[in-house]
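Encoded as structure tokens, the structure appears first; notes follow it.
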Protein chains: 2
Amino acid sequence: MVDFTIQLEKIAQAVGILQEQNVDMWLTFVRETEHNADPALPLISPSNVTWHTALIITREGHKVAIAGRYEIVNFERMGIWDETIAYDQSIQPALIEVLDRLNPRQIAVNYSESDTAADGLSHGMYLTLQRYLAGKPYQLISAENILNPLRGRKTPGEIARIRAAVALTDDIINRITAYLKPGLTELEIANYIHAEYRKEGVVPSWDPGHCPTVSCGAETPVGHVSPSSKYVATTGELVRIDQGVILDHYISDIQRVWYLQPAGETEIPAPVQHAFDSVRAAILAAGAMLKPGVQGCVVDDASRKTIIDAGYPEYQHAVGHMIGRTVHDGATLLGPRWERYGKTPFGIVEAGNCFTLELGVHVPGYGLVSLEEDVVVTDTGYEWLGKPQTEIIVVPV
Amino acid sequence: MVDFTIQLEKIAQAVGILQEQNVDMWLTFVRETEHNADPALPLISPSNVTWHTALIITREGHKVAIAGRYEIVNFERMGIWDETIAYDQSIQPALIEVLDRLNPRQIAVNYSESDTAADGLSHGMYLTLQRYLAGKPYQLISAENILNPLRGRKTPGEIARIRAAVALTDDIINRITAYLKPGLTELEIANYIHAEYRKEGVVPSWDPGHCPTVSCGAETPVGHVSPSSKYVATTGELVRIDQGVILDHYISDIQRVWYLQPAGETEIPAPVQHAFDSVRAAILAAGAMLKPGVQGCVVDDASRKTIIDAGYPEYQHAVGHMIGRTVHDGATLLGPRWERYGKTPFGIVEAGNCFTLELGVHVPGYGLVSLEEDVVVTDTGYEWLGKPQTEIIVVPV
């Protein structure tokens, strides 16, 4: 039986947010969500849908699911929808009947230039909705102000699931430490990690083609790049792995750094140690700013200043993104005020938000020193969701 | 290393289709495709992307990939893009520079009311593009006339992959026959099938919550419904399973029917046999119409008439949908002329299209008789992609 406890929590939360935001109605309008997913749907529906489906939640707490005849049972079984309406040939008559009866001033729908997690409505579906509503008085508005808090304020059930995904990843990191040795290619290491995931019955948090991202040594390219057979774990150099797993629909996203220490060497080389200390200091500087009420960009400022002051180039990304059902799970970004990020760095951090804190620097001759930790925002600050990396993991060779 | 042979085939095919359709440029404009997937992207990109990415293909065969600095390597490695352009803070300057240089009359972008597989552009991304192009002379048009043939005309490499997925499913069907016995719940059967998938390193073709869909006996609800513990395989009744696997990025989608035959019984009960013969006749009637040049609805007409003439109610869906990378893989639908299907039933069947042929009837007291076969359209007709079910599978109990 499908477990929909999280969806029941989120639907209840949505009603409160509609009241808080003073919006009459939130409409999720989707079809064929296997390959045209709306990231909002899994928050309130336990399964994908094939045909046009409308999920309506009002500020008064009224909840209506309209779905194709063969799919309505999945919503009936949830027991939370006040009305479940099946249709055969077209959703239009039932949808219009419900809207005319509930008569909202505004209808928030899932589009947003800034917030990809609130941008699940396709342009084709928007045109369909416009066509259905021609001549009607309802005002279509962006649901970004509904979806950002709905996705961002993790319930206790959600936080427990993220912690479990992080714990499993920590365990796999220990296995990697035992496995690593000079001569392994990035691809071999990635294949080993995929095999461990399969043993655990989990899948990578993002595209298996580059989750894990494995970076061996100083020459490998940086970024969301597929592991290759060209670069090899090498004595006296670094291995950096960025990975995560999806466990029970919630993810982890963690980066760790290993040093393959030559026999006889007893200390981490100074440029590597300095890079590690600086990266960790920058993460702690971000953490020091992280609490409810602060703007995301202010958190990024702190880590960016720290790493620049330490003599390194600034990282070309945000220091933190939300995590949850996906690796980039919602709008508020702990990021710089760059056009490519839209409004997301100006979002306000809230209690229950789960973020990564991540950045890295390249150390010539050694490789990438890059860390990523997962945290949850508390009422007064933040907590680690796992055990943070406090020193370079040494693999004696 | 990521295999992108299929993407190279599809990009070459796209240039030919742009010429055929007399369209200057096709632009795929995406971001965060992990959770906001554009179904067109996997046809031409070997991996998902995080930041705004523009993939441009022109009628003259010029190919430009613009991507975030950390993701451009994945496109460089393909060796097919004439230009690969990395950006840091905003994609806008590079995108506008390329468009102004190539100066297309129309730019086809991925939205469509009818074709979900051509509707990957989110409304938020459409608004961003409109904002970028304000004051420019380019006309944005729907790419549905590009994407339908591009997705629909399967290359030999694609057909081979679908055949492999079907062959594995046929093999798993044999295992299910050996496993089935009275008393198993729908959920137990589904869990058994998931375990076989895991052994093979494959995942379900669609939502694991209802792939497989397992229907035991006469009382279980019909449709895209999660298997439950309430309904049980029962002597003298039917088990129907709808399932498929994703193997090497291509899928299968097959329904089979089993009869749990009581000891001493030697024939299939007459109403079940009549239902099976009628369903199979309707599938063959659809097949008899299936060839290049015919409209999808004409194929559906043939099976719909056959099943109604046999005395059963008409099925409330299409007799066939495209398959490929996904279970509903493109526009042309072998379906009725219903509003919910938009223009898709009026699409023209082409050689290389891969379809399901499927329908079912409910037999009171016994359960669901529903078949689904996978086929490829040839120059003159069609071929089965696996071994079709020609008789009810009998499980002696």
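Quick notes
- Lone unmet requirement of (1) within 14 Å of another protein chain (Cβ to nearest Cβ); (2) in contact (Cβ under 8 Å) with a residue 24 or more places away in the chain; (3) assigned to a helix (DSSP H, G or I) for A:TYR126: (2)
- For A:ILE308, the conditions (1) buried (at least 22 other Cβ atoms within 10 Å of the Cβ); (2) among the hydrophobic types (A, V, I, L, M, F, W, C); (3) modelled with pLDDT of 95 or more all hold with the exception of (1).
- Residue in the stretch A:183-200 that is at pLDDT 95 or above and either within 30 Å of A:ASP24 (Cα to Cα) or not assigned by TED's automatic domain parsing to the domain that holds A:GLN261 (or both) present: no
- Test: residue in the stretch A:8-22 that is surrounded by 20 or more Cβ atoms within 10 Å (Cβ to Cβ), among the polar types (S, T, N, Q), modelled with pLDDT of 95 or more and on the phi < 0 side of the Ramachandran plot: no
- Applying the condition of being among the charged types (D, E, K, R) and over 14 Å from B:VAL394 (Cα atoms) to the stretch B:225-243 and asking which residue is farthest from the other protein chains (Cβ to nearest Cβ) yields B:ASP242.
- The selection criterion, being modelled with pLDDT under 95, in the same structural domain as A:ASN145 (by TED's automatic domain parsing), closer than 30 Å to B:VAL30 by Cα and among the hydrophobic types (A, V, I, L, M, F, W, C), holds for A:VAL49.
- Conditions (1) of a type outside the set (Ser, Thr, Tyr); (2) within 10 Å of chain A (Cβ to nearest Cβ); (3) surrounded by 18 or more Cβ atoms within 10 Å (Cβ to Cβ): number failed by B:ARG151: (2)
- Among the conditions (1) in contact (Cβ under 8 Å) with a residue 60 or more places away in the chain; (2) out of contact with any Pro (no Cβ under 6 Å at 6 or more places or on another chain), B:GLY120 misses just one, which is (2).
- Taken over the stretch A:159-216, the residue count meeting the criterion of being buried (at least 20 other Cβ atoms within 10 Å of the Cβ), within 13 Å of chain B (Cβ to nearest Cβ), within 22 Å of B:TYR70 (Cβ to Cβ) and hydroxyl-bearing (Ser, Thr, Tyr) is 3.
- Each residue in the stretch B:154-179 was checked for being of a type in the set (A, V, I, L, M, F, W, C) and over 15 Å from the mean Cα position of the chain (by Cα), and 8 of them qualify.
- For B:PRO221, the criteria (1) surrounded by fewer than 20 Cβ atoms within 10 Å (Cβ to Cβ); (2) at pLDDT 95 or above hold in every case but one, which is (2).
- Just so you know, in the stretch B:315-340 the residues that are within 9 Å of another protein chain (Cβ to nearest Cβ) and outside any loop (DSSP other than H, G, I, E, B) include one that is surrounded by the most Cβ atoms within 10 Å (Cβ to Cβ), and it is B:ARG340.
- Any hit, the stretch B:321-335, residues being over 20 Å from B:PRO388 (Cα atoms), hydroxyl-bearing (Ser, Thr, Tyr) and touching a strand residue (DSSP E or B) at 6+ places or on another chain (Cβ under 8 Å): yes
- Qualifying positions in the stretch B:33-48 - free of Cβ contacts under 8 Å to residues at least 24 places away in the same chain and surrounded by fewer than 24 Cβ atoms within 10 Å (Cβ to Cβ): B:THR33, B:GLU34, B:HIS35
The values are calculated or read from the model by the stated rules, or taken from the named source; none is laboratory data. The shown structure was predicted, so the numbers you read here are calculated from the model rather than taken from an experiment. For neighbour counting, all protein chains shown are included, and Cβ atoms are generated from backbone atoms with ideal geometry for every residue, glycine included.
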